[in-house]
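Below: the structure, in structure tokens.
The values are calculated or read from the model by the stated rules, or taken from the named source; none is laboratory data. For clarity, every value in this text was computed on a predicted model and none was experimentally measured. Glycine also receives a Cβ, built like all others from the backbone with ideal geometry; neighbour counts cover every protein chain displayed. SASA here: full protein model, heavy atoms, side chains in, ligands and nucleic acids out. Shrake-Rupley method; radii C 1.70, N 1.55, O 1.52, S 1.80 Å.
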Amino acid sequence: MVANAPTPKPGINTRLTHTGYDPHEYHGFVNPPVVHASTVLFANAAEAAAYNKRFTYGTTGTPTTEALAAAMDALEGSAGTVVVPSGLAAVTVALLGFVSAGDHLLITDSVYFPTRRFAETVLRRLGVEVEYYHPEIGTEIAALMRPNTRAVFTESPASNTFEIQDIPAISRAAHKNGAVVLMDNTWATPLYFKPLDHGVDISIQATTKYPAGHSDLVGGTISANEKHWPQLWDTFRALGTCAGPDDTYQVLRGLRTMGIRLERHQASALEIAKWLQGLPSVSDVLHPGLESHPGHALWKRDFCGSSGLFAFVMNGGGRSNAHAFLNALTLFGLGASWAGYGSLAGHVSLRDRTIAKGENYAGPVIRLQIGLEDVPDLKADIQRGLDAAAAVSD
Ligand SMILES: *Cc1c(COP(=O)(O)O)cnc(C)c1O
């Protein structure tokens, strides 16, 4: 925390600028030192035997990881945060912390695909019963609860198709059954949705995305409420999944500008989504910030913003039209790891789905990440893609 904090309740950009590290702890330098460390020396045998210093070993934290964890706690409203080497590690470490052999785990069917792969491989091998539910299930999730339901994994909006989950309703049903609620909140970041304020126990963030924001590292954080922090910390310590100092520093650096970057991602994405809605070659735009979106009311109730990632459905056509669209783009890159400064596009596959299969879409689903470029240039690029797609006949 910063000494002499200006107001009792500073705004979000003020907190992003000042939380996590006090320059006067390190000679006044504005940013924390990047501490490369394995061993921590003790002053004498008694101190070594007690092993209760603020820092004890490289795997459990340094001033660099502590600065990022403290900043995330301030944003999430969490009791503690661990910093891990990727967003996927944030998912896997969190799940390993709370499910055991014989437990039943509910996962949204629209989950980020590598989360499903982890559940289908490692968790099933370890004896966890995995079941998927429709992302729009809401209160009806109560009917899926079993005596051994230990955890409910949520992600909202849905990966690729952007349905909004009723997180408070799901959390209430889960807690009534004694289950822990985990949420992958990468899309909104704690700026636009605060999981712990809506009943979630464990908030997961791929810091690879908006916090880092420059497509130059992978990282993750897991933030827990008071009740679940001790178990999360014990799991993290046992697994040894600590993030490296340079990447951790870069995430903290990115966090300082995340608020203003998100504002721009939000405004540009909404402008492009609205423009796409009016085009004859587009059948649907999957963006919860649009009034036409089926989850708009829930989104408006719970979220305070939208980010730069959404999808649209082409008005007919198939794979060759989708590929023609993608191949004609000159500004949008074809790649997966969104939330960098550059725009990206991709043809969505829903083959992994077992419940929310998206069978009613009129054509291919194209996911867009709207970067920080100028909107007229991005629109012109998309138009180029749509013209190329329309020129394909098959
Ligand atoms: C990218 C992403 C992850 C994983 O992050 P990595 O750092 O790439 O492993 C997890 N969840 C969601 C929703 C993501 O978009």
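DSSP finds beta bridges in region 166-278, and of those with both partners inside it, around 60 percent are antiparallel. Dipole size of region 12-255 about its Cα centre, with +1 on Lys/Arg Cβ and -1 on Asp/Glu Cβ: approximately 320 debye, rounded to the nearest 20.
Counted residue by residue at 0.36 nm each, then reduced by the alpha carbon distance between them, the extension gain from residue 34 to residue 237 reaches 71.0 nm.
Past the 18 Å Cα-Cα mark, which pairs from 300/357; 176/227; 9/227; 9/194?
Numbers: 300/357 25 Å; 176/227 15 Å; 9/227 25 Å; 9/194 16 Å.
Violating the 18 Å limit, Cα to Cα: 300/357; 9/227.
Computed from point charges on the beta carbon alone (+1 for Lys and Arg, -1 for Asp and Glu), the dipole magnitude for region 258-390 about its Cα centre is near 320 Debye. Between residue 260 and residue 334, full extension at 0.36 nm per residue minus the direct alpha carbon distance yields a gain of 24.1 nm. Within 10 Å, at most 15 other Cβ atoms, and a DSSP state outside H, G, I, E, B define an exposed site. Report the longest part of the chain free of exposed chymotrypsin sites (Phe, Trp or Tyr not before Pro). Formally, the longest exposed-site-free interval is 56-340. Sequence-distant contacts, meaning Cα pairs under 8 Å at least 6 residues apart, place the relative contact order of region 12-255 at 25 percent.
Using the 1.4 Å probe convention, the accessible area of the chain works out to 43 Å² per residue with neighbouring protein chains retained.
Using the Cβ atoms and a cut-off under 15 Å, what net charge is assigned to the surroundings of residue 257, where Lys and Arg are +1 and Asp and Glu are -1?
Values: positive: 15, 209, 253, 256, 261, 264; negative: 216, 263.
Residues close to residue 257 contribute a combined charge of +4.
Helices in the chain, meaning DSSP H runs of at least 4 residues, each add -39500 (n - 2.57). Divided by all residues, the mean residue ellipticity at 222 nm is -10500 deg cm²/dmol. Legend: residues 53, 9, sorted from most to least accessible area (1.4 Å probe; ligands, DNA and RNA excluded), read 9, 53.
Projecting the Cα positions of 94, 240, 192 onto the charge dipole of region 12-255 (unit charges on Cβ atoms of Lys, Arg, Asp and Glu, taken about the Cα centre) puts 240 furthest along the positive direction. Charge tally for residue 212 (other residues, Cβ to Cβ under 13 Å; Lys, Arg +1; Asp, Glu -1): +1.
Where in region 182-250 are there trypsin sites (Lys or Arg not before Pro) that are in a DSSP coil and have at most 11 other Cβ atoms within 10 angstrom of their Cβ? Don't skip to the end; give the middle numbers.
On the way: sites: 209, 227, 237; in loops: 209, 227.
Qualifying residues, ordered by number: 227.
How much of the DSSP bridge set in the chain is antiparallel, in percent, rounded to the nearest 5?
Numbers: 24 of 43 bridges.
So the antiparallel bridges in the chain amount to around 55 percent.
Using a 1.4 Å probe over the heavy atoms of the protein chains, calculate the carbon and sulfur portion of the accessible area of the chain as a whole percent. The partial results should precede the final answer.
On the way: 8970 of 16870 Å².
Carbon-and-sulfur percentage of accessible area, whole number: 53.
Phi-derived couplings, Karplus 6.51 cos²θ - 1.76 cosθ + 1.60 at θ = phi - 60°, listed residue by residue for region 280-288: x, 7, 10, 8, 7, 10, 9, 9, x Hz, with x used for Gly and Pro. Note on residue 377 and residue 277: the model spin-label points, each 7 Å out from Cα along the C-beta direction, lie 2.7 nm apart. Amide H contacts under 5 Å for residue 342: 372, restricted to partners 5 or more places along the chain or on a different chain, H placed in the peptide plane at 1.01 Å from N. Using equal-weight Cα scatterers in the Debye expression, the normalised intensity of the chain in log10 at q = 0.06 Å⁻¹ is -0.25.
Label zone of residue 354 (point 7 Å out along Cα→Cβ, amide N under 12 Å): in region 117-144 this covers 117, 119-121, 124, 129-134.
Once the C-beta distance of residue 120 and residue 291 is scaled by a Förster radius of 41 Å, the resulting FRET efficiency is 0.65 to the nearest 0.05. If you take the Cα centroid of region 120-152 and the Cα centroid of region 62-109, the two points sit 19 Å apart.
Segment residue 216..residue 54, full-extension length gain: 55.3 nm, with 0.36 nm per residue of separation and the alpha-carbon distance subtracted.
Within the assembled protein chains, the solvent-accessible surface assigned to residue 140 is about 130 Å², based on a 1.4 Å probe. Shape annotation for region 258-390: C-alpha extents along the principal axes are 38, 35, 28 Å, from largest to smallest.
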